[in-house]
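> Mind looking over this structure? Questions follow.
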Amino acid sequence: MGDSIVWLRAVTKDYGQGDVVVRALRGIDLTLDRGDFAAVAGPSGSGKSTLLNVMSGLDRPSSGEVSLDGRDLTRLSRSELSRLRLTRIGFVFQAYNLLPVLTAYENAEYVLMMQGVPASARRERVMGLLELVGLGGMEDRFPRELSGGQQQRVAIARAIASEPALILADEPTANVDSKTAAALLDLMQQLNEEKGVTFLFSTHDRKVMARAGRLIRLVDGRIAYDGEAGSLEALDADEG
Amino acid sequence: MGTLRIAWRSIWRNGRRTAITVAAVGMSTLIMVVTFGLMDGMRIDMVHNVTHLVLGDVQVHATGYRADQSFYKAVPEPEAILDAARAAGVHAAPRAYGYGLVSVGHKSAGARFWGVEPAAERAAFDLAGKLAQGSFLSDSAEASRASRELVLGRKLARSLHAELGSEIIAVVQAADGSLGNELFTVVGILVSCGEDMDRSAAIIHARDFELLFVSGGRIHEIALNARGTVSPERVAARLEAAVTGKAELEEKKPEKEAGGVDIETWRELNPALSDMERLFGASMWLFSLIFFLAAGLGVMNTMLMATFERIREFGVLKALGSTPWRILRDVATESFVLGLFASLLGAVLGAACNLYLAHAGIDLSRYGDVFVEGVAFSPIWRAAASVEGIAAPSAVMVVVCVLAALYPAAKAARLDPVRAMTHV
Ligand SMILES: Nc1ncnc2c1ncn2[C@@H]1O[C@H](COP(=O)(O)OP(=O)(O)OP(=O)(O)O)[C@@H](O)[C@H]1O
Ligand SMILES: [Mg+2]
């Protein structure tokens, strides 16, 4: 257990108003520590995406407290939140991750460019990262010229390029086959172990869950399990 | 990777749609460039027709002469003005005016006599070539005197039933109060040169004028024509400097004689033409508003579709931490690049058309004569192929394209990232 990166207390999130309120999160207490390699699992509609969005400031909680890297997200303005995401959080999404008009290199470099990192420094870092994620020699390919797994590797390279405190990945392996999913997990694990990057990813996939160091299982907007991923009953209880 | 390069790639994602938009914007630019060229050509021609006939860019009179046209208000030192004009490389024609009676047989009419230097008129103005019949005065005073040459305005000739060779008796009050009279022969009849000249002009050699009016070489008007080499305002400014500079040298002269002249540009001399010329320019822009509006709406539609197709991408960008500003800028840049490309295309094609139309012109002679301010217009309509005439509408078109993209761009910039990413 190191120091904490994300800290949630009694977080709820309701969608809609009046009679048709959807209670997506119903009181979440959660602490994520530096160096965690954690998975959020749970049935569809259990609140996985909502949790990740609240954590990154993409969505505001209905009540409760959220702090990231020691900053109280509920007190930040929209532009402060977007600045925080730009500098402190890396994102990998399920699909449409990459800009189709940019090459692999340009996509990976995009966040650094938005941060105003000079071109020469960007070049050095991004070329190294593409090599690291196994895309050496493919930097000039456009996303349509890459496989789904390769595209996610570009997204991972982009996410770690600015060395954020936390990488949030919402179902990063949902659109790739199981072999590719395993390879992506290898990559994420390697980055976690070698570079100490903190990961939180959501998934439906049991094999992916099993790779996590920590498993957080959501049911109906509540945390039903939080602990070792190796524990089989935790996995079995999940209906996928 | 520059913003412009990304924008260029983005607009060609939907090649066909972009091609159609580029064609529409380029075509609008082309039409506007050609229209501006033709209208500008007409505007310049219109002004030239009037100023190059007799008016000139600038005229110099004795102070107050234009108000009462008094015979005694002569330009104080015409030689100095002519010297200054010569130094500035501007053609100048000195003129003297006086009123009197002309008669042919038992027909008579009032006339305004012009005493001119035919050689100077020929060099500075087009008048000497504007004859319906006959020819202009001889340059030499002797030749003109020998054949008693006189040129008549068109309507004056008609009302006198005068023809080439008709004998004309001129009766005037001379400067010394005596009655001056002289016999002339009509050697030329002018084409339409404007109502005043048509009705009253009786043009004779300056030497003949001096003898007829006993005028002692008085000059009432010096008309200067730079023929486009210098702007009228510059000519006026240089004369002003010359006149006041001279005044400084000869301090002993009384104040009113030191300056003693009115220096006025054609805009002051003919405010109606000046207003017309300005209205012409304004109406061109008014007309072009329609084209800008149509092109702008086309671009807005294209950019709306282009941003709508990419809602999820904008969502990802905003999630990654892109500011609304950046997205606004990126979308506006796409439209700028599209507009620039299309306008350049239109400008190049338009420039080619204008160069052709400036060279070959459009022959309007079969539609009959056109008059502006009573002056016959040249029957060949030529475009003006000026850099501003091509650049101005093209540049405005680019601005219009950027403005048209602001609404779609603002929509993209304001997207909520979570909703945008789940948008189907
Ligand atoms: N913008 C929204 N408006 C209304 N309801 C929403 C909205 N977003 C999510 N919900 C609801 O909140 C609940 C949690 O949704 P969420 O997307 O977090 O689930 P999830 O665990 O990510 O599901 P999945 O595995 O299908 O991705 C669901 O019942 C969903 O219908
Ligand atoms: Mg989800």
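The values are calculated or read from the model by the stated rules, or taken from the named source; none is laboratory data. This structure is a prediction, so every number in the text was calculated from the model and none was measured. FYI the Cβ positions are ideal-geometry reconstructions off the backbone, even for glycines, and counts take in every protein chain you see. For the accessible areas, the whole protein counts, side chains as well, though only heavy atoms, and no ligand, DNA or RNA atoms are used. Shrake-Rupley method; radii C 1.70, N 1.55, O 1.52, S 1.80 Å.
> B:S138 is checked against (1) under 22 Å from B:G217 (Cα atoms); (2) touching a helix residue (DSSP H, G or I) at 6+ places or on another chain (Cβ under 8 Å); (3) open to solvent by less than 20 Å² (accessible area, probe 1.4 Å) and fails just one. What number does that condition carry?
The failed condition is (3).
> Which of the numbered conditions does A:E65 fail, given that it passes all the others? Conditions: (1) away from chain B (no Cβ under 11 Å); (2) within 16 Å of ligand 1 (Cβ to nearest atom).
Of (1) away from chain B (no Cβ under 11 Å); (2) within 16 Å of ligand 1 (Cβ to nearest atom), only one is false for A:E65: (2).
> Can you say whether B:R329 is closer than 30 Å to B:G346 by Cα and open to solvent by 60 Å² or more (accessible area, probe 1.4 Å), as far as the supplied structure shows? If you could, list the steps in order and put the result at the bottom.
Numbers: closer than 30 Å to B:G346 by Cα: yes; open to solvent by 60 Å² or more (accessible area, probe 1.4 Å): yes.
Yes; evaluated as a whole, the condition is true for this residue.
> If you go through the stretch A:184-202 one residue at a time, how many are open to solvent by 30 Å² or more (accessible area, probe 1.4 Å) and assigned to a helix (DSSP H, G or I)? First the steps, then the outcome.
Filtering the stretch A:184-202 down to residues open to solvent by 30 Å² or more (accessible area, probe 1.4 Å) leaves A:186, A:189-190, A:193-196.
Then keep just the ones that are assigned to a helix (DSSP H, G or I); that gives A:186, A:189-190, A:193-195.
Residues flagged as open to solvent by 30 Å² or more (accessible area, probe 1.4 Å) and assigned to a helix (DSSP H, G or I) within the stretch A:184-202 amount to 6.
Here's the yes/no breakdown for (1) closer than 24 Å to A:Q152 by Cβ; (2) surrounded by 14 or more Cβ atoms within 10 Å (Cβ to Cβ); (3) away from ligand 2 (no atom under 16 Å from the Cβ):
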residue: A:A10; (1), (2), (3): no, no, yes
residue: A:K13; (1), (2), (3): no, yes, no
residue: A:D19; (1), (2), (3): no, no, yes
residue: A:L32; (1), (2), (3): yes, yes, yes
residue: A:A39; (1), (2), (3): yes, yes, no
residue: A:N53; (1), (2), (3): yes, yes, no
residue: A:R78; (1), (2), (3): no, no, yes
residue: A:T87; (1), (2), (3): yes, yes, yes
residue: A:G90; (1), (2), (3): yes, yes, yes
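> Right, here's the next one. Just need a number here: residues in the stretch A:56-75 that are away from ligand 2 (no atom under 13 Å from the Cβ) and open to solvent by less than 20 Å² (accessible area, probe 1.4 Å). Spell out how you get there, then give the answer.
The initial filter retains those residues of the stretch A:56-75 that are away from ligand 2 (no atom under 13 Å from the Cβ), namely A:56-57, A:60-75.
Then keep just the ones that are open to solvent by less than 20 Å² (accessible area, probe 1.4 Å); that gives A:56-57, A:66, A:68, A:73.
Qualifying residue count for the region: 5.
> Another question, then. Looking only at the stretch A:169-181, filter to residues that are open to solvent by less than 40 Å² (accessible area, probe 1.4 Å) and part of a helix (DSSP H, G or I); which one of those is nearest to ligand 2 (Cβ to nearest atom)?
Top of the filtered list is A:A181.
> Do we have any residue at all in the stretch A:214-235 that's at pLDDT 90 or above, open to solvent by 10 Å² or more (accessible area, probe 1.4 Å) and within 15 Å of the chain's Cα centre (by Cα)?
Taking the stretch A:214-235 and keeping what is at pLDDT 90 or above, we get A:214-226.
Then keep just the ones that are open to solvent by 10 Å² or more (accessible area, probe 1.4 Å); that gives A:214, A:217, A:219-220, A:222-226.
Narrowing the set further to residues that are within 15 Å of the chain's Cα centre (by Cα) leaves A:214.
Yes: the stretch A:214-235 contains one or more residues that are at pLDDT 90 or above, open to solvent by 10 Å² or more (accessible area, probe 1.4 Å) and within 15 Å of the chain's Cα centre (by Cα).
> Given the residues A:L135, A:L76, A:L130, which is the only one that is more than 11 Å from chain B (Cβ to nearest Cβ), over 26 Å from A:Q150 (Cα atoms) and among the hydrophobic types (A, V, I, L, M, F, W, C)? Don't jump to the end; show me each part of the working.
Values: A:L135 fails: over 26 Å from A:Q150 (Cα atoms); A:L130 fails: over 26 Å from A:Q150 (Cα atoms).
Sole residue among the options that is more than 11 Å from chain B (Cβ to nearest Cβ), over 26 Å from A:Q150 (Cα atoms) and among the hydrophobic types (A, V, I, L, M, F, W, C): A:L76.
> Name the residues in the stretch A:96-121 that are facing another protein chain (nearest Cβ under 10 Å), farther than 15 Å from B:F314 by Cβ and not in a helix (DSSP H, G or I), would you?
A:T103 - this is the single residue of the stretch A:96-121 that is facing another protein chain (nearest Cβ under 10 Å), farther than 15 Å from B:F314 by Cβ and not in a helix (DSSP H, G or I).
> Is it true that A:G148 is modelled with pLDDT of 90 or more, more than 15 Å from the chain's Cα centre (by Cα) and under 21 Å from A:Q94 (Cβ atoms)?
Numbers: modelled with pLDDT of 90 or more: yes; more than 15 Å from the chain's Cα centre (by Cα): yes; under 21 Å from A:Q94 (Cβ atoms): yes.
Criteria met by A:G148.
To keep it simple, each residue is scored yes or no on (1) within 14 Å of ligand 1 (Cβ to nearest atom); (2) modelled with pLDDT under 95; (3) not aliphatic (A, V, I, L, M).
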residue: A:Q17; (1), (2), (3): yes, yes, yes
residue: A:R34; (1), (2), (3): no, yes, yes
residue: A:A39; (1), (2), (3): yes, no, no
residue: A:S44; (1), (2), (3): yes, yes, yes
residue: A:P61; (1), (2), (3): yes, no, yes
residue: A:S77; (1), (2), (3): no, yes, yes
residue: A:S82; (1), (2), (3): no, yes, yes
residue: A:T87; (1), (2), (3): no, yes, yes
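> Using beta carbons and a limit of 9 Å, which pairs, at least six apart or on different chains, have the first residue in the stretch B:317-335 and within 11 Å of chain A (Cβ to nearest Cβ) and the second one open to solvent by less than 10 Å² (accessible area, probe 1.4 Å) and assigned to a loop (DSSP other than H, G, I, E, B)?
Cβ pairs passing all conditions: B:A319/A:S56; B:D330/B:S322.
> Find the residue count for the stretch B:149-185, including only residues that are touching a residue at least 60 places away in the same chain (Cβ under 8 Å) and open to solvent by 60 Å² or more (accessible area, probe 1.4 Å).
Summing the residues that are touching a residue at least 60 places away in the same chain (Cβ under 8 Å) and open to solvent by 60 Å² or more (accessible area, probe 1.4 Å) in the stretch B:149-185 gives 3.
> Here's a follow-up. Mind listing just one residue for me: the one in the stretch A:138-151 that is within 14 Å of chain B (Cβ to nearest Cβ) and not charged (D, E, K, R) and, of those, farthest from B:R312 (Cα to Cα)?
So the residue we want is A:F142.
> If we keep just the residues of the stretch B:397-419 that are within 14 Å of another protein chain (Cβ to nearest Cβ) and within 56 Å of the chain's Cα centre (by Cα), which is surrounded by the fewest Cβ atoms within 10 Å (Cβ to Cβ)? First the steps, then the outcome.
Residues of the stretch B:397-419 that are within 14 Å of another protein chain (Cβ to nearest Cβ), as a first pass: B:412-419.
Okay, now just the ones that are also within 56 Å of the chain's Cα centre (by Cα), so B:412-416.
Numbers: B:A412: 27, B:A413: 22, B:R414: 12, B:L415: 20, B:D416: 14.
So, considering only residues that are within 14 Å of another protein chain (Cβ to nearest Cβ) and within 56 Å of the chain's Cα centre (by Cα), the one surrounded by the fewest Cβ atoms within 10 Å (Cβ to Cβ) is B:R414.
> Would a scan of the stretch B:305-324 turn up a residue that is of a type in the set (G, A, S) and under 21 Å from B:V47 (Cα atoms)? Even if it seems obvious, please write down each step before you answer.
Initially, the stretch B:305-324 is screened for residues of a type in the set (G, A, S), giving B:306, B:315, B:319, B:321-322.
In the following step, the residues that additionally are under 21 Å from B:V47 (Cα atoms) were identified as none.
No, the stretch B:305-324 contains no residue that is of a type in the set (G, A, S) and under 21 Å from B:V47 (Cα atoms).
> If you don't mind, another one. Would you check if there is a residue in the stretch B:18-34 being assigned to a helix (DSSP H, G or I), within 14 Å of another protein chain (Cβ to nearest Cβ) and open to solvent by less than 30 Å² (accessible area, probe 1.4 Å)?
Applying the first criterion (assigned to a helix (DSSP H, G or I)) to the stretch B:18-34 yields B:18-34.
From the residues that got through so far, the ones that are within 14 Å of another protein chain (Cβ to nearest Cβ) too are B:18.
From what is left, the residues that are open to solvent by less than 30 Å² (accessible area, probe 1.4 Å) are B:18.
Taking every residue of the stretch B:18-34 in turn, at least one turns out to be assigned to a helix (DSSP H, G or I), within 14 Å of another protein chain (Cβ to nearest Cβ) and open to solvent by less than 30 Å² (accessible area, probe 1.4 Å).
> Sort through B:A128, B:A109 and tell me the only one that's small (G, A, S) and in contact with a Leu (Cβ under 7 Å, 6 or more places away or on another chain). Break it down stepwise before answering.
Values: B:A128 fails: in contact with a Leu (Cβ under 7 Å, 6 or more places away or on another chain).
Sole residue among the options that is small (G, A, S) and in contact with a Leu (Cβ under 7 Å, 6 or more places away or on another chain): B:A109.
> Just to be sure, is B:T18 hydroxyl-bearing (S, T, Y), closer than 22 Å to B:C353 by Cβ and modelled with pLDDT of 90 or more?
Details: hydroxyl-bearing (S, T, Y): yes; closer than 22 Å to B:C353 by Cβ: no; modelled with pLDDT of 90 or more: yes.
The answer is no for B:T18.
> Regarding the stretch B:260-271, can at least one residue be identified that is away from chain A (no Cβ under 14 Å), in contact (Cβ under 8 Å) with a residue 60 or more places away in the chain and part of a loop (DSSP other than H, G, I, E, B)? Write out each step before concluding.
Going through the stretch B:260-271, the residues away from chain A (no Cβ under 14 Å) turn out to be B:260-271.
Now drop any that are not in contact (Cβ under 8 Å) with a residue 60 or more places away in the chain, which leaves B:260-266, B:269-270.
Next cut, part of a loop (DSSP other than H, G, I, E, B) only: B:260, B:270.
Among the residues of the stretch B:260-271, at least one is away from chain A (no Cβ under 14 Å), in contact (Cβ under 8 Å) with a residue 60 or more places away in the chain and part of a loop (DSSP other than H, G, I, E, B), which makes the answer yes.
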